[in-house]
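A.B. asks: Could you have a look at this structure, given as structure tokens, before my questions?
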């Protein structure tokens, strides 16, 4: 059995509410205490349930952290999608807004040291955001329909790498200069393609 996956998928509303409460309680515990004090007992206590009830859904604390991270990354991907395809703005503005959002949300993911995301889940998430970037590039005529996905792959790898490195730097107080430099680099790469 996969130690990072929930034990069972909630089917009834009552079960879905309990899982949601467990995850919300886990976030409160992470906000209130140092990471090394994060335990299933503390989460269960914050959720107002027994630890046995928690274990019905999550076999250990890593599985709770994995689920929190999985949901956060999926929300980030959805947010980037919304910004990339917001037709109220020019494509360049949409790209800037998506990079800004990506940096802001990506950097918050590194504030808690628990990247437990298994490769299979991570690969699915990366494929999702690469498909979005590829569609954005094609639909805005940055690349032609016959091109392969090299540019979208390159841009997502570049953005994720820069965002991770910047977020791990202790002395970065303002992300704006990094966002602007990254945006300018991305647009130069797109223009040269």
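A.B. asks: What is the chain's relative contact order, in percent, from Cα pairs under 8 angstrom and six or more apart in sequence? Intermediate values should be presented prior to the final figure.
C.D. replies: Numbers: 168 pairs, mean separation 39.6, N = 193.
Relative contact order, the chain: 21 percent.
A.B. asks: Over the chain, with a Gaussian network built from C-alpha contacts below 10 Å, which listed residue (15, 152, 63) shows the highest mean-square fluctuation?
C.D. replies: Per the Cα network of the chain with a 10 Å cutoff, 15 tops the list.
A.B. asks: A further question on this structure: If the chain between residue 32 and residue 60 were fully stretched, how many nm would it gain, using 0.36 nm times the residue separation less the Cα-Cα distance? Walk me through the intermediate numbers first.
C.D. replies: Working: separation 28, 0.36 × 28 = 10.08 nm, distance 1.97 nm.
My answer for the length gained is 8.1 nm.
A.B. asks: Provide the FRET efficiency to the nearest 0.05 for the residue 45-residue 157 pair, computing r from the beta carbons and using R0 = 41 Å. If you can, show how the numbers build up before the last one.
C.D. replies: Values: r = 41 Å, r/R0 = 1.01.
For residue 45 and residue 157, the calculated efficiency is 0.50.
A.B. asks: Tell me which label goes with the value of Rg/Rh (Cα atoms, Kirkwood Rh) computed from the coordinates here: (i) 1.17; (ii) 0.95; (iii) 1.04.
C.D. replies: Computed from these coordinates, Rg/Rh (Cα atoms, Kirkwood Rh) corresponds to label (iii).
A.B. asks: Further, regarding this structure: Which whole-number percent is the relative contact order of segment 13-59 (Cα, under 8 Å, 6+ apart)? Don't jump to the answer; show the numbers that get you there.
C.D. replies: Working: 26 pairs, mean separation 17.2, N = 47.
Relative CO of segment 13-59 lands at 37 percent.
A.B. asks: Right, here's the next one. Okay, which of segment 149-166 sit inside 16 Å, backbone N to the point 7 Å along the Cα-Cβ direction of residue 188?
C.D. replies: Zone members listed by number: 155, 158-159, 162.
A.B. asks: With label points built 7 Å along Cα→Cβ from the Cα atoms of residue 128 and residue 140, find their separation and express it in nm.
C.D. replies: 2.1 nm
A.B. asks: Follow-up. Using only DSSP helix segments of four residues or longer, with each worth -39500 (n - 2.57), what per-residue ellipticity at 222 nm results for the chain after dividing by its residue count and rounding to 500? Mind dumping the intermediate values first?
C.D. replies: Numbers: 8 runs with 135 residues, N = 193.
Roughly -23500 deg cm²/dmol at 222 nm, from the helical runs in the chain.
A.B. asks: Let me ask something else about it. Determine the gain in length on full extension of the stretch residue 24-residue 149; use 0.36 nm per residue of separation and subtract their C-alpha separation, reporting nm with one decimal.
C.D. replies: Working: separation 125, 0.36 × 125 = 45.00 nm, distance 3.76 nm.
Stretched fully, the residue 24-residue 149 segment lengthens by 41.2 nm.
Values in this text are rule-based calculations from the coordinates and carry no lab data. Worth saying up front: this structure is predicted, and the values here are computed from it rather than measured. Positions of Cβ are generated from backbone atoms using ideal geometry, with glycine treated the same way; all protein chains shown enter the neighbour counts.
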